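Trainee: The structure is given below, and queries will be raised subsequently.
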Amino acid sequence: MTATPDPRPRPQYGEYATPEEQRARIAQPDIGLVYEPAPVADEPVAAPPAPQAGAAAEPGTPRSRPIDRIVTFALLAYGLVNVISSFSALIDYSSYAETMFSILGVDAELSDPAAGRPWGIAAAIVLAVGWLVTAAVSWMSLRRGRLSWWIPLLGGVVFTFTSAMLVLVPIMNDPAVWDALVSSIR
């Protein structure tokens, strides 16, 4: 018998190999690719075996990361304390600005302290909503078993920066205060 030549081009890197042939060549075990026939109507369906204590998690289940959970919740708690303590200060913007000026060593006063109140309220709302969004995203990430400690850090940076920009608007719009701040930096 003579073998007929294969009309396909010569395979490279296992192009025509079946998954079983590929695994045999690279000596890797089959991970979750086992074909199980559908149960016949007369056969009872067996429940999957219960996991043993100390057994490794299956490929589809989320991994438990206790340190990640602790750090994530600690950062969320710190953020909540920061939001609560900042909330009352930002609502009373004129006293907040006076305190900030005294800490910075700037001898200035807002020409219209009432104009800063809406900006302070907006900054407080941004912090509160930002914390809620960060907590929700962190919780969803933890439930999926993903690494989550970075979410409260990123949320804290983003929403604190946004809140700070809102707080600076009345200061930047007051020429006397802005000149006093700039001259104190020089």
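The values are calculated or read from the model by the stated rules, or taken from the named source; none is laboratory data. Computed from a predicted structure; not experimentally measured. Don't worry about glycine lacking a Cβ; one is built from the backbone with ideal geometry, like all the others, and counts go over all protein chains shown. When the accessible area is computed, the model is the full protein with side chains, heavy atoms only, and any ligands, DNA or RNA have been set aside. Shrake-Rupley method; radii C 1.70, N 1.55, O 1.52, S 1.80 Å.
Trainee: When you look at residue 37, is it modelled with pLDDT under 90 and open to solvent by less than 80 Å² (accessible area, probe 1.4 Å), yes or no? Talk me through it step by step, then tell me what you get.
Mentor: Working: modelled with pLDDT under 90: yes; open to solvent by less than 80 Å² (accessible area, probe 1.4 Å): no.
Considered against the rule, which asks whether it is modelled with pLDDT under 90 and open to solvent by less than 80 Å² (accessible area, probe 1.4 Å), residue 37 comes out as no.
Trainee: Turning to a different aspect of this structure: State the number of residues belonging to the stretch 16-29 that are in a loop (DSSP other than H, G, I, E, B) and either surrounded by 10 or more Cβ atoms within 10 Å (Cβ to Cβ) or at pLDDT 75 or above (or both). Can you show your working first?
Mentor: In the first step, residues of the stretch 16-29 are kept if they are in a loop (DSSP other than H, G, I, E, B); the result is 16-18, 27-29.
Then drop every residue that is not either surrounded by 10 or more Cβ atoms within 10 Å (Cβ to Cβ) or at pLDDT 75 or above (or both), which leaves 16-18.
Residues that pass the stated criteria total 3.
Trainee: Filter the stretch 138-186 down to residues that are within 9 Å of the chain's Cα centre (by Cα) and open to solvent by less than 60 Å² (accessible area, probe 1.4 Å), then give me how many there are.
Mentor: 6
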